[in-house]
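J.: Once you've had a glance at the structure underneath, I'll fire off some questions.
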Amino acid sequence: MNRKTAIKKLASRINLMLPCIYSEELTAHALVIPFLQIVGSDEEMPESGSSISMLMKRRNGHSNFAIFQYNRLNIMVAYSHHQYNMDDCKTFLNDYWKKFRSKFGLITNGIKYEMYSAAMIYRNDYSKPLFNFCITTTHAGKINSILNQYQDLLVLN
């Protein structure tokens, strides 16, 4: 199945799953991880030798993901429950970035996705992300073209 079809199927499943997703952990496992798998990440430890790995971190009661590229932190993913305000994710991403210094930061509530560069996070400038989309309302072909446009930047697949 190609990525465009996988995105379309995930978007249609999201609307069915939302009433059952009542925590951040369920948001991660039902919405965020499946999307990252579609994009090209896998859920292995950084030491696995794969080009991109995903490791779940928990700090101060809030979960996030760290996506590694060749054992170096590439993307910090801060997520929240799909009903919460994503401004909290920006605060968490800023705090995590100050400690771990990733190249990019992705914030999401499992439905909306926004990607920021390290310079944007450093300046605390969240006014214009590198890219953003809502998986349930943005056409799957558009999301796929956005991901293709930033594929080298994200080093996916």
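J.: Test LYS128 against the stated conditions and say whether it is among the basic types (Lys, Arg), at pLDDT 90 or above, open to solvent by 80 Å² or more (accessible area, probe 1.4 Å) and not in a strand (DSSP E or B).
T.: Numbers: among the basic types (Lys, Arg): yes; at pLDDT 90 or above: yes; open to solvent by 80 Å² or more (accessible area, probe 1.4 Å): yes; not in a strand (DSSP E or B): yes.
Answer is yes for this residue.
J.: Taking the condition open to solvent by 20 Å² or more (accessible area, probe 1.4 Å), closer than 20 Å to ILE146 by Cβ and out of contact with any Pro (no Cβ under 7 Å at 6 or more places or on another chain), does ILE38 pass?
T.: On the way: open to solvent by 20 Å² or more (accessible area, probe 1.4 Å): yes; closer than 20 Å to ILE146 by Cβ: yes; out of contact with any Pro (no Cβ under 7 Å at 6 or more places or on another chain): yes.
Answer is yes for this residue.
J.: Looking only at region 113-124, count how many residues are touching a helix residue (DSSP H, G or I) at 6+ places or on another chain (Cβ under 8 Å), surrounded by fewer than 16 Cβ atoms within 10 Å (Cβ to Cβ) and not aromatic (Phe, Trp, Tyr).
T.: Looking only at that region, the number is 2.
J.: Then there's this: Give me the residue from region 48-82 that is of a type in the set (Phe, Trp, Tyr) and either buried (at least 18 other Cβ atoms within 10 Å of the Cβ) or touching a Gly at 6+ places or on another chain (Cβ under 6 Å) (or both) and, out of that set, modelled with the lowest pLDDT.
T.: By that ranking, first place goes to PHE68.
J.: Return a yes/no flag: does region 101-109 have any residue that is in contact (Cβ under 8 Å) with a residue 40 or more places away in the chain, closer than 25 Å to ALA30 by Cβ, open to solvent by less than 40 Å² (accessible area, probe 1.4 Å) and part of a loop (DSSP other than H, G, I, E, B).
T.: The answer is yes; a qualifying residue exists.
J.: Let me ask something else. Name the residue, out of ILE135, ILE121, that is β-branched (Val, Ile, Thr) and over 15 Å from PHE35 (Cα atoms).
T.: The unique qualifying residue is ILE121.
J.: Go through region 1-29 residue by residue and tally those that are small (Gly, Ala, Ser), crowded, with 18+ Cβ neighbours inside 10 Å and at pLDDT below 90. Working first, answer last.
T.: Residues of region 1-29 that are small (Gly, Ala, Ser), as a first pass: 6, 11-12, 23, 28.
Still in the list and also crowded, with 18+ Cβ neighbours inside 10 Å: 11, 28.
This time we only want the ones that are at pLDDT below 90, so: 28.
Of the residues in region 1-29, 1 are small (Gly, Ala, Ser), crowded, with 18+ Cβ neighbours inside 10 Å and at pLDDT below 90.
The values are calculated or read from the model by the stated rules, or taken from the named source; none is laboratory data. Because the structure is a prediction, the values reported are computed rather than measured. Cβ coordinates were reconstructed from backbone atoms using ideal geometry, including for glycine residues, and neighbour counts include every protein chain displayed. Just so you know, the surface numbers come from the protein's heavy atoms only, side chains and all, with ligands and any DNA or RNA stripped out. Shrake-Rupley method; radii C 1.70, N 1.55, O 1.52, S 1.80 Å.
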